[in-house]
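Q: Handing you this structure, nothing more for now.
None of the figures in this text is laboratory data; all of them are computed from the coordinates on show. No experiment lies behind these values; they were computed from the predicted model shown. Cβ: placed from backbone, ideal geometry, glycine included. Neighbour counts: every protein chain shown.
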Amino acid sequence: MRFSQARGQKIVSTSTAGTVGRVSGFVVDPSTSRIAAVRVKKAASGDTLPWTDITSFGVDAVTVDDAARITEASEKIASLSGRKRKVIGRRVLSTAGNELGRSSDVEFDQESGAVTAIVLNDEKTATGKVVGIGSYAVVWQED
Amino acid sequence: MTRLLRTSEITGRPVVTLAGEDVAQIKDVVYAPGRGRVGAFTLAGRGLFAGPLPVALAWSSVVALGNDAVMIADEEVLAPLEQGVDQPATSGRQGNVLGARVLTDTGTDLGLVADVIVQVSEDDSACEVVGYEIESSDAAGSQADTLLIPLPETLSASGEHLIVPGSVTKFVRHDLAGFGAAIEGFRSHLGGED
Amino acid sequence: MPWWGWLIVAVVVIVLIVVGIMAIQARRRRGGVLIDPKRPKGPENTP
């Protein structure tokens, strides 16, 4: 699944069957190349849903067992957030030192939250994994 | 596949950590005259107001020399400049090969060095100085303004004069395509002479 | 000279200083190809 497809998806609590928020973005941990948390809008209890607290990341909705899973960002997740830690709209450098382009989208695995491919602004897709997200570029290790 | 690069393409390139931070840019290429190996780069800061940095990047710490960036593991690999490495940079042109005059060992003046050609091995493990791009004085028997000459594996260099074997004029090229073959040919020619 | 005349002079001077510093630093960032001074002329360096 791509970030662009997941954005706006409903987050539903399985205990109350009500919508408790919507996906507004993602926080990626470059040390593991996985999604650390989902950014949430229109939720009462906070703006962050850690990936480990998700029951299931479905095609049409994200399910959680309790609305309280959505909290304020922990210190670790806060350190991975911010304008310079975004993955979309950034310069993408390969680990070989070649500029691949600018990132327009990201493909991820709904089971594990692993980032598996990066979509560039020329619609080319590079498979591999994230190794770094810095102020200059997203560093991408190609398969 | 080894790659041939002009050092002017390398200088100014950003030095980027695998975490994605641009910590410096390449200033000078420093090489040992005896073996022609590139040993280190001196660095400058990034940004309009940045000057030279007091640290250097050893070739052994380079993860990859790419088309758009020089990748390093992290900022920790940048070591303080060793005594002397910054001397040439601060004392004018001395020690800088660019602008130095190339003489053959038979005493012919080939011209001034405009650029230096380095060969990077496939896995980025070695970077060797293999040629000079020269703004020619007519002696090399060519009308072209710039020409490429291959270098022997060991060369004599002082910063003022660079001495090359006289037979080099037979291996002159005008562009990087085919220059690899010229280096091979020149070096095997030198080997055959001994 | 009116007060705004001095203001314009001050702004021009500041702009010139900033541009000058940028030019000097750009020059200092410019690189070359250096022979490692730790290994000056030695027997192996002379053909």
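Q: Mean separation of Cα pairs under 8 Å and 6+ residues apart, divided by the residue count of region B:3-90: what relative contact order is that in percent?
A: Relative CO of region B:3-90 lands at 25 percent.
Q: Add -39500 (n - 2.57) for each DSSP H run of 4 or more in the protein assembly as shown, then divide by its residues: what number comes out at 222 nm, to the nearest 500 deg cm²/dmol?
A: After summing the helix terms and dividing by residue count, I get -4500 deg cm²/dmol.
Q: Taking θ as phi - 60°, what are the ³J(HN,Hα) couplings along region A:69-79 by the Karplus curve (6.51, -1.76, 1.60), each to the nearest whole Hz, with x for Gly and Pro?
A: 5, 7, 10, 6, 5, 6, 4, 5, 5, 4, 6
Q: Let me ask something additional. Taking amide hydrogens as modeled 1.01 Å from N in the peptide plane, which residues meet the under 5 Å criterion relative to A:Phe26, leaving out close sequence neighbours?
A: A:Arg39
Q: Would you mind checking which residues have amide H under 5 Å from A:Ser56's amide H? H placed 1.01 Å from N; only 5 or more apart, or other chain.
A: A:Thr63
Q: Let me ask something additional. Just name one of A:Thr95, A:Ala126, A:Ser112: the one whose Cα is farthest towards the positive end of the charge dipole of region A:84-142 (beta-carbon charges, Lys/Arg +1, Asp/Glu -1).
A: The listed residue farthest towards the positive side: A:Thr95.
Q: Any idea what the relative contact order of chain B is, in percent, if you count C-alpha pairs under 8 Å spaced at least 6 apart?
A: 19
Q: Work out the length of the dipole vector of chain B about its Cα centre, built from +1 on the beta-carbon of each Lys and Arg and -1 on the beta-carbon of each Asp and Glu, and round it to the nearest 20 debye.
A: 260
Q: In addition: Could you go through region B:121-136 in sequence order and give the Karplus-derived ³J(HN,Hα) for each residue, using 6.51 cos²θ - 1.76 cosθ + 1.60 with θ = phi - 60°, rounded to whole Hz, and x for Gly and Pro?
A: 5, 4, 8, 6, 7, 9, 9, 10, 7, 10, x, 10, 9, 10, 7, 7
Q: Counting only other chains, what is the mean number of Cβ atoms within 10 angstrom of the Cβ of each residue in peptide B:47-57?
A: 3
Q: Dipole of the protein assembly as shown (Lys/Arg Cβ +1, Asp/Glu Cβ -1, origin at the Cα centre): which of A:Thr71, B:Thr108, C:Trp4 lies farthest to the positive side?
A: Positive-most Cα among the choices belongs to C:Trp4.
Q: Same structure again: Take peptides B:105-115, A:58-68 and line them up by average Cβ neighbours within 10 Å, highest first, as a rough protection proxy.
A: B:105-115, A:58-68
Q: Where in chain A is the longest stretch that carries no GluC sites (Glu not before Pro) classed as loop by DSSP and with at most 13 other Cβ atoms within 10 Å? Could you put the intermediate results ahead of the total?
A: On the way: sites that count: A:Glu72, A:Glu111, A:Glu123.
Longest site-free region, per DSSP loop and neighbour criteria: A:1-71.
Q: Below 8 Å, C-alpha to C-alpha, sequence gap of six or more: please give me the relative contact order for chain A in percent.
A: 21
Q: Taking the Cα centre of chain A as the origin, how large is its charge dipole in debye, to the nearest 20, when only Lys and Arg (+1) and Asp and Glu (-1) carry charge on their Cβ atoms? Intermediate results must be reported in sequence, preceding the final value.
A: On the way: 19 positive and 17 negative charges, 120 e Å.
Dipole magnitude for chain A comes out near 580 debye.
Q: Among the trypsin sites (Lys or Arg not before Pro) in region A:13-116, which ones are in a DSSP loop with at most 15 other Cβ atoms within 10 Å of the Cβ? Mind listing them?
A: Counting only loop positions with at most 15 other Cβ atoms within 10 Å, the trypsin sites (Lys or Arg not before Pro) in region A:13-116 are A:Lys42.
Q: For B:Gly39, what residues show an amide H to amide H distance below 5 Å, using hydrogens built from the backbone and excluding near sequence neighbours?
A: B:Val30, B:Tyr31, B:Ala32
Q: Provide the per-residue ³J(HN,Hα) series for region C:7-21, in order, calculated from phi with Karplus coefficients 6.51, -1.76, 1.60 and θ = phi - 60°, each as a whole number of Hz, with x at glycine and proline positions.
A: Taking θ as phi minus 60°, the curve returns 4, 4, 4, 4, 4, 4, 4, 4, 4, 4, 5, 4, 4, x, 4 Hz for region C:7-21.
Q: Report the calculated FRET efficiency for C:Leu16 and B:Phe49 (r = Cβ-Cβ distance, R0 = 22 Å), to the nearest 0.05.
A: 0.90
Q: In debye, nearest 20, what is the charge dipole magnitude of the protein assembly as shown about its Cα centre with +1 on Lys and Arg Cβ and -1 on Asp and Glu Cβ, if you could check?
A: Dipole about the Cα centre, nearest 20: 1400 debye.
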